[in-house]
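First up is the structure itself, then whatever we jot down about it.
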Amino acid sequence: LCRGGLAERLCRLQNRERSAISFWRHQCISDDKIPSDKSGVLIVKILEIFEECTIQVAICQQLEQTPATLSPEDAVIHAEEPILKVLFTRETAAHLKSRPQDVIHIYPPWQKLLLQNADVPVIMNTYFSQKVLLSEHSEAREKTYGPTKMLIRKNIISLAQTFRLDDLDDKLHQQSSDNQVACAPQTHNNSDSKRHPSALSAVNDSLLEMVESQGAVGWREVQVRVVIQRVYCLPAREGCRSHTQGNKPLLSNGGMFCRLCLLVQDAYGMFSEVQLQSLGSTDDIEQYCRRWEGKSCCLAGMKILQRTTRGRAVGLFSLIDSLWPPVVPVKVPGQSQDSEMMTTDLPPPSFCYILTVQSGEIHVEVDEEEQISDLYQPPAVHSLKEILRIDGCNERCSFWAQVLYRRLQTKHSVPIDQREMLLFVTDSSLQNVAHGIPKVVAVSVTASCVLSMEITEALSAGSPLVFFKDALWGNGRIICVERTVLLLQKPLLYSAAGADLSELTGPVRLDELDSTTQASSICALRGTVVGVNESTAFSWPTCNRCGNGKLEVCPQDRELLYCNQCSEVVTTPVLKMQLEVFLSCPSRSQSTVKVKVWHEISHIATYEVQSVLGKEVGLLNCYVHSISSHPNCVALEEIVLE
């Protein structure tokens, strides 16, 4: 806020006002009595209560005096005593917990507003109000009826009514009985639903209108209809790790706690992220994607966790931008909703509300039998070749790719469950290109990207074909971040946009080592051995049946080895060896090329160091550890493609 500006002065005034109200209420509770000073006090008896635009409106009759010995029912009301319309804020109404027949003392500085063409004055600024219990009979009634739920009329005022638009939706003109809601907090169970079937009957189609009308504390009595654009998991914050829903903890992803989330969009094009509680397993994310994405749903029992903007949530808005503009015309707030007034020519959203459930109650009603919504935008699937040619930064992209090799980044200062993983992938669009485009691309999977157990096991087992949904492309890198989903099943709804998604048929080719090769990549290597680092060479015996490299001396015959995994004596062990060799490579003639090779996978099939020198090495698949210019050296390690 600008120093000395109107906004800063208003903020200070509001803070002082809240402090004064809190202090006054605390003083009343501490004194356990009504303030003795009656000068300027307005005494009213409530006749009727209803709610409108988050304000509680009480139709009251003014009393000249309320004898302390009389109950509110016995208080004499004369016909000539004026009728007043008293406005209470949401906070004041929650403090008073008023009902018809209650007597309220309203202390200064209340204000009276006289409206043109209206006979009933309006009383405002009623923060300093107190309900009066006038007798033991009233106290008994309060104890008896106080905790019960009282249905009050709730007038839902639409923007169309506010601006007196001609094209009013008939659904918004509901009778007051259809808009009755429980004013006390309630848990939605079967008995409540049967007792008050209209408690969740009001359905809105505007997220923004619901937020403005229901406030930040959330809404229970109304629903908002939205379309589920994306389903994904997000890592939970540290403070949420101990949170449970009943006896069910948040799901764990390799020690990282996660929650199921929905990115939803309303009929006006506005987005919200809904953070639900837990899944039974990370594998459930695939079925939720299949069952829920593209379907309409009704949200209830939500509260606002945060209002975020582009500067605060770059990742969230990169996903929102990939869904903008809408594929079908959306409604425009404050305008007639004729088809010619609906449009897709709108600026992208600049803010988004993060919603969460209240008190562990989840109210997300998805109509899985319903057809896919016209507003739904499935990910546009592209080939890797097309993605590499995309201009721009922080662009979301989706693609199918064959995973050839994976490598966990070895930063020892970072816990294993927070380390970044590199997946080296390819597809037919890269393998079939002669020059100019790499044949393999590195995909960085950050710790914030939640992987299902099915994906983790598939990556460990072999060379899976994986669908990368909503990965981030920018600065020449593909990154899997928050809200990126990796799947094995082929989604039927996702359009290929003309991409070549044919599976690989022949052997996979890597780019050969040359001057353009970068660190943390994989390549093919050929050359001549010119040196061996004997100080780092070592060998060890392994089981010829299972490959176990931790053999023990046989207790019965100490000249033999024993395998605990096979529970057998190993008579013909396979000797494995690691060598660090120096190669002369025509493609990097000015560089020292140092390669760590393993005997069991290398083409150097000998144990004598002298016989290794001068040996020609065919195409070795290698991981590039580092490339330095001073000295000019390339460090690699031989790998096996999955």
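The values are calculated or read from the model by the stated rules, or taken from the named source; none is laboratory data. Everything quoted here is computed from the prediction, not taken from an experiment. Please note: Cβ atoms are built from the backbone with ideal geometry, for glycine as well, and neighbour counts cover all protein chains shown. Just so you know, the surface numbers come from the protein's heavy atoms only, side chains and all, with ligands and any DNA or RNA stripped out. Shrake-Rupley method; radii C 1.70, N 1.55, O 1.52, S 1.80 Å.
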In segment 347-363, residues that are modelled with pLDDT under 90 and open to solvent by less than 50 Å² (accessible area, probe 1.4 Å) total 6
Screening Ile123, Ile152 for residues that are in the same structural domain as Thr92 (by the TED database), modelled with pLDDT of 55 or more, surrounded by 10 or more Cβ atoms within 10 Å (Cβ to Cβ) and assigned to a strand (DSSP E or B) leaves only Ile123
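Of the residues Val231, Val211, which single one is at pLDDT 60 or above and outside any helix (DSSP H, G or I)?
Val231
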Report, by residue number, each residue of segment 543-579 that is within 21 Å of Glu637 (Cα to Cα), assigned to a strand (DSSP E or B) and open to solvent by less than 50 Å² (accessible area, probe 1.4 Å). Lys576, Met577, Gln578, Leu579
Within segment 433-445, take every residue that is open to solvent by 30 Å² or more (accessible area, probe 1.4 Å) and in contact (Cβ under 8 Å) with a residue 12 or more places away in the chain and give me the one that is nearest to Leu260 (Cα to Cα). Ala442
So, first residue at pLDDT below 80 in segment 537-560, second residue open to solvent by 60 Å² or more (accessible area, probe 1.4 Å) and in a strand (DSSP E or B), Cβ within less than 9 Å, six or more apart or across chains; the pairs are Gly547/Val574
Identity of the residue in segment 16-40, at pLDDT 65 or above and farther than 17 Å from His95 by Cα, that ends up most open to solvent (accessible area, probe 1.4 Å): Arg16
Check segment 292-308 and report whether any residue there is acidic (Asp, Glu), within 19 Å of Val226 (Cβ to Cβ), modelled with pLDDT of 85 or more and crowded, with 17+ Cβ neighbours inside 10 Å. yes
State yes or no: is Glu340 in a helix (DSSP H, G or I), at pLDDT below 85 and either aliphatic (A, V, I, L, M) or open to solvent by less than 50 Å² (accessible area, probe 1.4 Å) (or both)? no
Return the total of residues in segment 477-534 being modelled with pLDDT under 85 and either surrounded by 15 or more Cβ atoms within 10 Å (Cβ to Cβ) or not in a helix (DSSP H, G or I) (or both). 18
